[in-house]
Amino acid sequence: MDDAERRDRALRRLARFDRIREAAALADQAVVAERFGIDDREAARLVRQVERWDDGDEAEELILRAWVDGGDRDELVAELSRREYTFPEYAPYPFEGRLPGTWDRVVRAMLHGYLSDDEFERARGVVKPERE
């Protein structure tokens, strides 16, 4: 993925986050539908996204805004290092499966090129994830 594609992807995600924040402020599904000019089904989906908003979304938003806006990278790493995260949970044998944690959003941001390896390792050194 080149920088133009990465930027477009980041801007789309940030627009989604902005829309979720605005929907949260409106709080009512009918008002959300009217405000965004969407049908009830799509408004219900947006309201569910508001209910599922978590610290992982906040960390991802922070990373994307810093990348798009060219924010101070040391400040970004410091903020990521201060946050509390949840980590993946794995089903015991004989079951299979993995429930992601909020730290996975930071890992994904690094894999997509929004965080450098060095920035990721600096945050990881402070956060000390159980396992990734």
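Using only C-alpha atoms and all pairs of different ones, pull out the Kirkwood radius for the chain in Å with one decimal.
16.4
What is the sum of charges, Lys and Arg at +1 and Asp and Glu at -1, for the other residues whose Cβ falls under 11 Å from the Cβ of G71?
With Lys, Arg at +1 and Asp, Glu at -1, the net is -3.
Let me check against my output: what whole-number percent is the relative contact order of the chain, with C-alpha pairs under 8 Å and at least 6 apart?
22
Go through L14, P88, G37 and say which Cα lies farthest out towards the positive end of the charge dipole of the chain; charges sit on Cβ, +1 for Lys and Arg, -1 for Asp and Glu.
Ranked along the dipole, the leading option is G37.
Would you kindly give the portion of the calculated P(r) for the range 54-132 that falls above 18 Å, as a percent of all Cα pairs?
When every Cα pair of the range 54-132 is considered, 38 percent fall beyond 18 Å.
Please order L64, L99, L26 by the number of other Cβ within 10 Å, starting at the fewest.
In increasing order of surrounding Cβ atoms, one gets L99, L26, L64.
How far, in degrees from 0 to 90, does helix 3-26 lean away from the longest principal axis of the Cα atoms of the chain, to the nearest 10?
So the inclination is approximately 50 degrees.
Going from the alpha-carbon gyration tensor of the range 1-53, what semi-axes, largest first and in whole Å, does one get by taking the root of 5 times each eigenvalue?
25, 11, 9
Just so you know, all these numbers are worked out from the coordinates, no wet-lab data involved. This one's a predicted model, so the numbers in the text were calculated from it and none came from an experiment. Cβ sites come from the backbone with ideal geometry, for glycine too, and all protein chains shown count toward neighbours.
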